[in-house]
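Worksheet: the structure to be examined is printed underneath.
The values are calculated or read from the model by the stated rules, or taken from the named source; none is laboratory data. As the structure is a prediction and not an experimental result, all values here were calculated from the model. Here Cβ is always computed from backbone atoms with ideal geometry, including for glycine, and neighbour counts include all displayed protein chains.
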Protein chains: 2
Amino acid sequence: MSAPTDSPLTYASAGVDIDAQDRALVGVKRLARSTFTAGVLSDIGAFGGLFTLEPDNPAGQVLVASADGVGTKLKVAQLAGIHDTVGEDLVNHCVNDILVCGARPLFFLDYFASGTLEPGVMVRVVEGLARGCRANACALLGGETAEMPGFYARGEYELAGFVVGGCRRDRLLRREAVVAGDVLVALPSTGLHTNGYSLARRIFFEVLGLGVDSPVPELGRTVAEALLAVHRSYLPAVGPLLERGFVKAAAHVTGGGIPDNLPRALPAGLGAEIFVDSWDEPPLFGLLRRAGRVPEDDMRRTFNLGVGMILVVAEESLGDVLESLVPHGPGWVVGRVAGEPGVRFVRR
Amino acid sequence: MSAPTDSPLTYASAGVDIDAQDRALVGVKRLARSTFTAGVLSDIGAFGGLFTLEPDNPAGQVLVASADGVGTKLKVAQLAGIHDTVGEDLVNHCVNDILVCGARPLFFLDYFASGTLEPGVMVRVVEGLARGCRANACALLGGETAEMPGFYARGEYELAGFVVGGCRRDRLLRREAVVAGDVLVALPSTGLHTNGYSLARRIFFEVLGLGVDSPVPELGRTVAEALLAVHRSYLPAVGPLLERGFVKAAAHVTGGGIPDNLPRALPAGLGAEIFVDSWDEPPLFGLLRRAGRVPEDDMRRTFNLGVGMILVVAEESLGDVLESLVPHGPGWVVGRVAGEPGVRFVRR
C-alpha cells in the first residue's frame, strides 16, 4: 500500500502553487477595496465577507457571504460516478466558512456547468445540494446551469456555490477578542473535506496505481469511499456554543491547512502552539504521507490532518465547551494562543 | 463574409439543448422547494431568488440574489488574450437579473477556477469585476480562487459570480401587476451580451473560418471586438424608472431569447405580441443568421437580436418612460401584452 516514490510529492509538484495565489491576492485585494461601499464591514481574506444594511446600527443584522468550489474532489466523484455527495460537500464548506464569522446560513445558490447537460447527473448533484441545505436549515434559493460545449469534456462538470448567512453585528466573532493564553479546541474532520485532492489523486491514482473502486485494506474502504467522505458541517456542534457566547474566534481548516488558516482567526502580533501529540491522525493521512513521501510541512499546508475546525475559547469556558461538544465529536485541546506570531507545531 | 453552410446551424446542433435543461429543471425545482424556509418569497425559475429576514413585514427589506456565468464567451476572451472585460460582463449580467425583480445590487462574489493559476491573468479578470462593481455601486465582497490541475487546460479558466441586492418588499416588481394592453418597452443590447456563444463561435470560427483577430468589414470591427462587446448594465437606465414606480415588470433577455424570457415577466394566462418591424437589428445578428443559415426560431431562442431588456409599463406611463430613457439608449415600443399565452412575432 505504501510503495515509496522516487521523489517526494508536494502540493506544488502536484500543480498547486499556494504562494502564486498569495501574490495574486495582493492585487485582488487592492481592486476589491476600490469597490467597497458604506455597508462593507470586512476586508478581503476573511473567511466570509461582511455587509450591513444598517452601517450606523451596532446591533443590526450583518450579512455574511462566502463563495466556494469543490476543487478536484469533483474529479474523484466523476470517476466513481457518484454525484450526490459533492453538493453536500459544497454546502457544508460554505456553511463552515460563515460559521467561523459567527453566522448561521440563510440561503445558498449554486453554479453548475458542463459541456453537454446530462439531466440525470445534474439532478443527483442537486440532491446533494438539497440534502446539505436541509441539514443546515438553509434555503436553496436558486442557481445557474450552464451548458458550455467545447469547454468541459463529456462526463465532467464544475460546481461552485455561494452562501449568505446572518449574524447580529454585536455577536460577530472578532479575532480582536483573542488574547495570548486562550485555548484552541479542535473539532475532528471526516476525511480530506474538500482540500488536497490534487495531491491525493496523484498519490492514489499514479503513485499507488489504484482505481476509484480499489479496496484499501488499511482504511477498510475503497479509494472512492475514502476520498468522497462528506465534508462535515460544524453548525450543529458550534451553533449552540455561539448562542452561549463561548467562542471568541474560529478557523475553518481548508486549503493551506492549520498554518495558513489558524492565523486568520488571530489578531496581528499573536500566534499559536499546536500540540502535535494531542490527537491520533486518521490513517488516511499517514497513508498519503508514506506513499507520497510527502514532507511534513507539505502535509500540514495541504491537508487538515484530522482537524476540520479550531475554536478559540477562554480558559474559563473550556469545560463547558468540551462538554457541549461531546455528542458531536468530541473536541479536544489542540493548542494555545501564543504571544508571538507564527504557528509552531510542538510536543507537550 | 456569408458563405452558406451545407446544413443550417441551430443552437442544439452547436451542442446546447435548452429542452434538456428544462426537463432537468423540473426535478431541480422539486428538490429546491424541499429546502425552503420561512424567508423564501420566490420560486425557482425567477430571474432572482427572493429572501426576507422579516417574513411578517410587508415593507421589510428583501434580499434578491442571482448566480451566473459568462458561458463560452470566456473561450473567445481566452483565444483573444483579453481578460479584463469578462468580469464586467458577469457583474452586469448578475445586476440585470436582480434589476428585473426591482432590486439594486449590494454586493458581489466571484468564483475563478483554472488549472494553474496565472496571477497576471487573474488580476486582469478581477480588474473587470472591480470596474463592473464600481459602475453599479456594488461591493466586490469576496470570492474563491480555485487551482484545479488536470481539470482545466493551460490558458483556460472558469468564471462565475453571485450578486445580492436589496429591495423594499412593497417595491418588488411582480408580474401579477401586468394586464393585457400594457406596453412592452425594449432597451437596446450592446451585442450578444453573454448568450449564444456556442453557436456564434461555431459560425465565426468554423463556418467562416475566421480567427479572433480577423477583421469583419461589414461590422467595422475584428471578430474579438464584435464578440467581446461588454454586456450592458441596465441599472443606470432603469434605476430611476423603478424609483418613480413606472415599471410593472421586466425581463432580462438572456439564454432562450425573448420567447423564453419575456413570459417570466408575465402572469399565467397572458402573452405578448412582439413587433418585429419596430427596430433595426444590429448587423452582427444578420451576419450570424446568413452565415450559419440559422432558422428564425433558433435565432430568436438563441440571441437577443438587439433587445437586451424589456420593461412592461402601463400605457399612461409610456411617455415618461421613453423620455427618461433617451439619454440611455433610447428605448422603443417593441410590443404589447396580449390576453392569451405565448409570444407571437408580428408586423404592425
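Values as computed for the structure displayed
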| item | result |
| --- | --- |
| Strands (runs of 3 or more DSSP E) contained entirely in segment B:39-133, each with at least 3 residues that are out of contact with any Ser or Thr (no Cβ under 6 Å at 6 or more places or on another chain) | B:61-69, B:104-114 |
| Filter result for B:Val28 (within 22 Å of A:Ala139 (Cβ to Cβ) and outside the structural domain of B:Leu210 (by TED's automatic domain parsing)) | yes |
| Condition met for B:Ser214 (of a type in the set (S, T, N, Q) and surrounded by 22 or more Cβ atoms within 10 Å (Cβ to Cβ)) | no |
| Number of the exception - A:Ala160 against (1) in contact with a helix residue (DSSP H, G or I) (Cβ under 8 Å, 6 or more places away or on another chain); (2) under 23 Å from A:Arg124 (Cβ atoms); (3) small (Gly, Ala, Ser); (4) assigned to a loop (DSSP other than H, G, I, E, B) | (4) |
| Subset of segment B:160-189 [among the β-branched types (Val, Ile, Thr), out of contact with any Ser or Thr (no Cβ under 8 Å at 6 or more places or on another chain) and within 14 Å of another protein chain (Cβ to nearest Cβ)] | B:Val164 |
| Residues of segment B:258-287 classified as buried (at least 19 other Cβ atoms within 10 Å of the Cβ), assigned to a helix (DSSP H, G or I), in contact with a Phe, Trp or Tyr (Cβ under 7 Å, 6 or more places away or on another chain) and touching a residue at least 60 places away in the same chain (Cβ under 8 Å), total | 0 |
| So B:Glu225, is it within 19 Å of B:Thr72 (Cα to Cα) and within 13 Å of another protein chain (Cβ to nearest Cβ) | no |
| Failed criterion for A:Tyr152 (all others in (1) under 24 Å from A:Gly329 (Cα atoms); (2) within 11 Å of chain B (Cβ to nearest Cβ); (3) in contact with a strand residue (DSSP E or B) (Cβ under 6 Å, 6 or more places away or on another chain); (4) surrounded by fewer than 23 Cβ atoms within 10 Å (Cβ to Cβ) hold) | (1) |
| Any hit, segment B:330-343, residues being part of a helix (DSSP H, G or I) and within 23 Å of B:Ala229 (Cα to Cα) | no |
| Test: residue in segment B:164-186 that is touching a helix residue (DSSP H, G or I) at 6+ places or on another chain (Cβ under 9 Å), farther than 30 Å from B:Pro341 by Cβ and either at pLDDT below 95 or crowded, with 24+ Cβ neighbours inside 10 Å (or both) | yes |
| Scope segment B:273-313; condition within 25 Å of B:Val179 (Cα to Cα) and not aliphatic (A, V, I, L, M); matching residues | B:Glu273, B:Phe275, B:Asp277, B:Ser278, B:Trp279, B:Arg300, B:Arg301, B:Asn304, B:Gly308 |
| Test: B:Arg300 is charged (D, E, K, R), under 15 Å from B:Ala251 (Cβ atoms) and either outside the structural domain of B:Leu242 (by TED's automatic domain parsing) or touching a helix residue (DSSP H, G or I) at 6+ places or on another chain (Cβ under 9 Å) (or both) | yes |
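One line per residue, one yes/no per condition, for (1) buried (at least 24 other Cβ atoms within 10 Å of the Cβ); (2) among the charged types (D, E, K, R); (3) in contact (Cβ under 8 Å) with a residue 60 or more places away in the chain; (4) more than 7 Å from chain B (Cβ to nearest Cβ):
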{"position": "A:Ala67", "(1), (2), (3), (4)": "yes, no, yes, no"}
{"position": "A:Arg124", "(1), (2), (3), (4)": "no, yes, no, yes"}
{"position": "A:Leu129", "(1), (2), (3), (4)": "yes, no, no, yes"}
{"position": "A:Thr145", "(1), (2), (3), (4)": "no, no, no, no"}
